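Inspection log for the structure reproduced underneath, given as structure tokens.
Values quoted throughout were computed directly from the atomic coordinates according to the rules given, and no laboratory measurement underlies them. This is a predicted model, so every value here is computed, not measured. Virtual Cβ from ideal backbone geometry, glycine too; neighbours counted across all protein chains shown.
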Amino acid sequence: MQAGAKLGFILLISPLVLWLGLLIVIPHVDMFLVSIRERIGVGQYQTSFANYMAFFGEPLYIITFIRTAMMSILATVITLLIGFPVAFYIAKIAKGRLQSALFLLCLVPFWVSELVRTFGWMILLRETGLISKFLQWSGLADQPVEMLYNDVAIMIGLVYTSMLFMVVPLITTMESLDDSVIEAGYDLGGNGASVLREIIIPHAMPGIVSGSIVVFMLSLGNYLTPTMLGGKDSLWFTELIYSQFIVRFNWELGAAFGFMLLFLSSVIVWGTLKLTGQTLKSTMG
Amino acid sequence: MTTKKTRAALFLSAASFAALGLAGAASADTLRLLTWGGYAPEDVVAMFEEETGHSVEVTLSNNEEMIAKLRATAGGGFDLAQPSQDRIAGPQEEFGIYKPMDLSMLDESQFIASMLEATKANTTVGGDIYGVPHVWGTSALVVNTAAAPMVKDYTDLCSPDVAGKVTYRLKRPTLIGFAYAMGLDPFAAYGDEAAYQEILDAVEAKLIECKAGVKTYWSGGDELLNLMRSGETVASMAWDTGGWKLNAENADITTVAPAAGALGWIDTFVLPAKGQADQAAYDWINFVMKPEVAAMITDAVGNFTASAGADELVNDELKARFQNTFPPEAVDNIKWYPPVPAGLEVLEGATLDRVQAAG
Amino acid sequence: MSTADLECVDLTKQFGNFTAVDDVSFTVPAGSFFSILGPSGCGKTTIMRMIAGFLEPTSGDILIRGRSVLDVAPNKRPVNMVFQHLALFPMMNIEGNIGYGLRRRGLAKPEIARKVDEALERIGLPGIGKRKVDELSGGQKQRVAIARCMVMEPEVLLLDEPLGALDLKLREHMKIELKTLQAAFDTTFIYITHDQSEALVMSDQIAVMNEGRFEQVGTGRELYYRPETAFVAGFVGEANRWRGRVTRAEAGELQLATEAGLTFAGTDHGRGLAVGDQAEIFVRPEAIRIAHAEGDVAHLENRMTGRVTSLLFNGAASRAMLRPETGGDEIEVTLPQSGEFADLGRDDTVHIGWEGAQANAFSAGGS
């Protein structure tokens, strides 16, 4: 009987262990080994932390990382500011078919690939694109307006790409908030602002935190959007990693960059949780 | 009891894996081709499959990704690859991802002799030949001659007359092209890291100076075509075929051979180290080098091939465009890429990073 | 004579074509416990939400202490509400919950703390201010929910089936406690429920509501003993019911023939039923006398002999179901507490009877 239970446990746990082991742990260990390898000649390597030193020794790399992190944080904040009212409307105000329809509408952009979505933005934002044409037609602009190839375009792309990942956890947490709790907030003298501040936001906090973590990580790790919409000044950390791996054949430095990204982004998430007094535990359960 | 069962299961799965492996080896007439867009048009693939009975799986890529893919599997996963001839010797020395080519399996008479010999020389490592030529072309200027008639050389892209309406890639061809236009000789400095670094520094300064006038650094062929087609840019450094393709739509846009010389590349055939269908690979090479097949590929991709006698079969419009861009003296002026010594990309990469970060 | 705490005048609420509340008027005197009793969907919650301000009436007026509050927002009305599932704020501790309204009023911190402590004292839960909501039992939450409203010193407290989520034992206990709290706070309570025993036990006045209208407003006693409509007679308390036709009518004394062919004496309490009218007759189980010997019920106007089909033991409220010999539906009869029928078994034959005055007849409308 006990042996049977043990076997059952092993069978249940083995997909998770295999998944974690084969797809996460082993590649990371391998990556780490690559990252502490220094090329000293054709096909010759030695173990050292030279690649990590290279990261800290070159201001460009650090600047790029800081820029990427700042833009990602900003994208997260904007996504939250836009996503919160949207999620509130879907979860609390829209009813029945409208609710499902709106939810579906949030999902629709994800039926096409990220590449196509990004191309969509390029068509809209470019100098000869729809928005520019419309502005000229309506007389708001007297010459073509270039809205592509700058940081604002990156931001639009990032926010658009991340919206779903913010809205879904927010809807889930807000749906669990009993309408009568909100009504009680008003009934006891609260106004819109205080009900939002004291009741809705504290209740939605787990959703806000988990949505923000996901959006931050997605933005930080995004490659297509910053490179395609960002133009000539678009420095994005994943671009550096890609170019080290693919263009420069420098897997060692690329792997070190990968680990710095993993480490620094974890530090940022941890720090933000500390700063806002949240814990991962309260967020997850 | 339990352990016995587990063992039995392990044995079973091991056996089935072995069976799969055997099956894979037995059907080795599937050619897994790692190539560029347009180099294996569907009609050519269909003809080849009909004629030889092999089947072809095409994966589209570019130089860097081809090497990265093969490096990741130590030369496995593909049976035939097509990197440029200057990118064979270096990666082979460093990573050992290719295997030598058995020239007796090929019909050498189908190749333009001079191009075959040059490629052989450039792809020889340790006495073994690793590559034979296939498609060749150049990096040149694609210009809207009505809007930017003054653009004659790479550095003209920095002219204030076209500021804000210029695009090029932030890649190594741009470094090389600018260096030549600035009167330097980067290929001659390939063997001397210090001298090459000096050239790179000069080009870096120039590119940073030019950066304000660049609309964007293009990264994909379609992106470039859209930029030129829409008129958002009027001059660019790009592949020659891009200009010819646009020329068919808009007679003002065409490819211009830069005064300093277009940069010539030759894409080759190489055998990945762990390729499993060498026979199919040789069959493919012999097949596509036939003049009539090579002409079909030229029509599809816009670039000419190393197939002897194929040029006559190419459609006249394309030939006219080519001759228009490259009169005989311009052909002679083409700078052919020599093999890139291992480690040079790191220097160039640092330069490109600094250009990107500047401003 | 003091003004009424709450007065509703011709209150109507329509949702599209559906009339949820249909021209309802009532007055609640200060300091009283007023219940609205009705089945779910009768419109009682709609009335409450209009009083609280979450819904706007289609027509009519709501006055609190003689002033119309129609254009006063819910957060400004001198009315507070205890919600069906209490709606305590799970993100705050008990102190935070009770102090919420006071903070909104902008009271100073020490004053809030004092009032919160006072309220906790009043509900008999001193010192739990720092606890979390989910650490409390159902009954404690109930009291906190009331305290949260009462610190606001509302003129009217609305309670929307607040006992619904509690188990039976606690519900019984809370009925008494609510009544005590109401007396202690001396505030007008408007209580809505579908549970008649909650309404009967606690209320000074009960309005029985059905399909958007008030059927009858009165004390529990009046509703129980003198129902004015067939709905009230059927909804409040248990009743045996028959349908029949009036065959003789003399000064309120009726003779009725049921569809099953029985003949009953009944009374219409001045509702003026005439010969030929269709009628519904209600007889409470406890109004029926039960006897072993036929002679014991001989003096009653309505008599029957029946066989016991089942016994429903429920302590003091034990009942027997009888199948009459003459046919027709089963009749529910309360067993006397004398123990005389303690050994009654299934299939025993007994005699039952009741006074014509206990058979309450209502016009069944139409014919």
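Residues of the stretch A:55-74 that are exposed (fewer than 15 other Cβ atoms within 10 Å of the Cβ) and either more than 14 Å from every other protein chain (Cβ to nearest Cβ) or at positive phi (or both): A:Phe56, A:Met70.
Residues in the stretch B:313-359 that are buried (at least 16 other Cβ atoms within 10 Å of the Cβ), within 14 Å of another protein chain (Cβ to nearest Cβ) and of a type in the set (Val, Ile, Thr): B:Val340, B:Thr351, B:Val355. Against the criterion of being under 13 Å from C:Ala147 (Cα atoms), within 14 Å of chain A (Cβ to nearest Cβ) and not in a helix (DSSP H, G or I), C:Met81 qualifies.
Among the residues of the stretch A:211-227, not a single one is touching a strand residue (DSSP E or B) at 6+ places or on another chain (Cβ under 7 Å), surrounded by fewer than 24 Cβ atoms within 10 Å (Cβ to Cβ) and more than 14 Å from chain C (Cβ to nearest Cβ). List, please: which pairs have Cβ atoms under 8 Å, are six or more places apart or on different chains, and start with a residue in the stretch B:280-305 that is free of Cβ contacts under 8 Å to residues at least 60 places away in the same chain and buried (at least 20 other Cβ atoms within 10 Å of the Cβ) and end with one that is in a helix (DSSP H, G or I) and of a type in the set (Val, Ile, Thr)? Close Cβ pairs satisfying both conditions: B:Ala294/B:Val288. Only residues that are more than 8 Å from every other protein chain (Cβ to nearest Cβ) and surrounded by 15 or more Cβ atoms within 10 Å (Cβ to Cβ) were counted across the stretch C:61-76, and they come to 6. Looking at the stretch A:44-54, can you tell me whether even one residue there is within 18 Å of A:Gly254 (Cα to Cα), within 13 Å of another protein chain (Cβ to nearest Cβ) and exposed (fewer than 11 other Cβ atoms within 10 Å of the Cβ)? Among the residues of the stretch A:44-54, at least one is within 18 Å of A:Gly254 (Cα to Cα), within 13 Å of another protein chain (Cβ to nearest Cβ) and exposed (fewer than 11 other Cβ atoms within 10 Å of the Cβ), which makes the answer yes.
If you go through the stretch C:229-267 and pick out every residue that is surrounded by fewer than 19 Cβ atoms within 10 Å (Cβ to Cβ) and without any contact (Cβ under 8 Å) to a residue 24 or more places away in the chain, you end up with 7. Which of the residues spanning the stretch B:199-247 are touching a residue at least 40 places away in the same chain (Cβ under 8 Å), of a type in the set (D, E, K, R) and within 13 Å of chain A (Cβ to nearest Cβ)? Scanning the stretch B:199-247 gives B:Glu204, B:Lys211, B:Lys215, B:Glu232. Listed by position, the helices (runs of 4 or more DSSP H) contained in the stretch B:61-144 that have at least 3 residues being closer than 30 Å to B:Val166 by Cα are B:63-72. Against the test of being more than 30 Å from A:Leu124 (Cβ to Cβ) and not in a helix (DSSP H, G or I), the options A:Gly271, A:Gly190 yield a single qualifying residue, A:Gly190. Is there a residue being of a type outside the set (S, T, N, Q), in contact with a strand residue (DSSP E or B) (Cβ under 7 Å, 6 or more places away or on another chain) and on the phi < 0 side of the Ramachandran plot anywhere in the stretch B:247-255? Among the residues of the stretch B:247-255, at least one is of a type outside the set (S, T, N, Q), in contact with a strand residue (DSSP E or B) (Cβ under 7 Å, 6 or more places away or on another chain) and on the phi < 0 side of the Ramachandran plot, which makes the answer yes.
Specify the residue that is farthest from B:Glu345 (Cα to Cα); the eligible residues are those in the stretch B:174-183 that are surrounded by 19 or more Cβ atoms within 10 Å (Cβ to Cβ) and not aromatic (Phe, Trp, Tyr). Among them, the one singled out is B:Ala181.
Among the numbered conditions (1) surrounded by fewer than 19 Cβ atoms within 10 Å (Cβ to Cβ); (2) within 14 Å of chain C (Cβ to nearest Cβ), tell me where A:Met174 comes up short. Answer for A:Met174: the failing condition is (1).
So how many residues does the stretch C:105-133 have that are in a helix (DSSP H, G or I) and away from chain A (no Cβ under 14 Å)?
10
If we scan the stretch A:12-19, do we find a residue that is over 29 Å from the mean Cα position of the chain (by Cα), not hydrophobic (A, V, I, L, M, F, W, C) and not in a helix (DSSP H, G or I)? No, the stretch A:12-19 has no match at all.
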